[in-house]
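Read the figures in this text as sums done on the coordinates, not as results from a lab. These numbers were taken from a predicted model, which means no experiment stands behind them. Here Cβ is always computed from backbone atoms with ideal geometry, including for glycine, and neighbour counts include all displayed protein chains.
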Amino acid sequence: MSRTQPIKSEGTSPAYFSAYDLHAYYGESYIVQGVSFDIREGEILALLGRNGAGKTSTLRAIARAADPQLTRGEIWLDHKALHKMKDFEAAQNGVALVQEDRRIIPGLTVEENLQLAQIAEPIGWSIERLYEHFPRLAERRNQEGITMSGGEQQMLAVARALARDVKLLLLDEPYEGLAPVIVHEIERILVEIKTHGITTIIVEQNAIAALHLADRAIILDMGQIVFDGTAQEVLDNEELRQEYLAI
């Protein structure tokens, strides 16, 4: 199995999101080495690989974060050139990165966290609608967000992203440290989000959980794509899982 040429399963629908020939560095470290892939609107993509494979760096490059530095490549979302934007401009155009540390703002209640994130005239995700999808947050709307459990904070981080009428949701280790019952609750929410046409990329060390949720999977190894196909193909291929995911 080649480590430089991706194994590709061809799709037939036009791409909603495209990353083409991405190259990114942390300082002098060459982290993302020519990554290219497409995603259809409303698709859930699991971005997998061992530690250090370049998964989080790829997410951050898409979100136009300052690190890693994208030195070459194009990123398109709904016909808009994200690679020409700063991080705040990408956010204004529908990109939301939910980082592993969740970034809940201390001193603010759940509702204040949501109000701060919400655009002036939300198209589809009013705070009351968010509470319908996240009943735990509705129960804790007046509680300081940072005092909630890890799972509840993760729900708040996702809800806060939706409050900006997100088009592309980037999730970095959303299940980290969470009890299985909370993981299942977040999975339920992500499936509901999919029905509203939101496109999601999930980076997750719990690869089996991510694969059961995802439509497609990409496996990175040493900053390059070594597999691009359906999630079911990865679940069915024990040799592939052992070589690149150690599962």
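How high is the relative contact order of the stretch 86-167? Use alpha-carbon pairs under 8 Å, at least six apart in sequence, and give a whole percent.
Relative contact order for the stretch 86-167 comes out at 48 percent.
Tell me which of 77, 189, 134 sits at the most positive position along the dipole axis of the chain, charges placed on C-beta atoms (Lys, Arg +1; Asp, Glu -1).
After comparing all options, I get 77.
Using only the Cα atoms of the stretch 48-113, build the gyration tensor, take square roots of its eigenvalues as a ≥ b ≥ c, and label the shape rounded, prolate or oblate: rounded if a/c is under 1.5, else prolate if a/b is larger than b/c, else oblate.
Oblate shape, in that a/c is at least 1.5 and b/c is the bigger or equal ratio.
Calculate how many DSSP beta bridges within the stretch 145-246 are antiparallel, expressed in % of all such bridges and rounded to the nearest 5.
Antiparallel bridges: around 55 percent, rounded to the nearest 5.
For the chain, would you read off the P(r) tail past 21 Å as a percentage of all alpha carbon pairs?
Numbers: 17056 of 30381 pairs.
Of all Cα-Cα distances in the chain, 56 percent exceed 21 Å.
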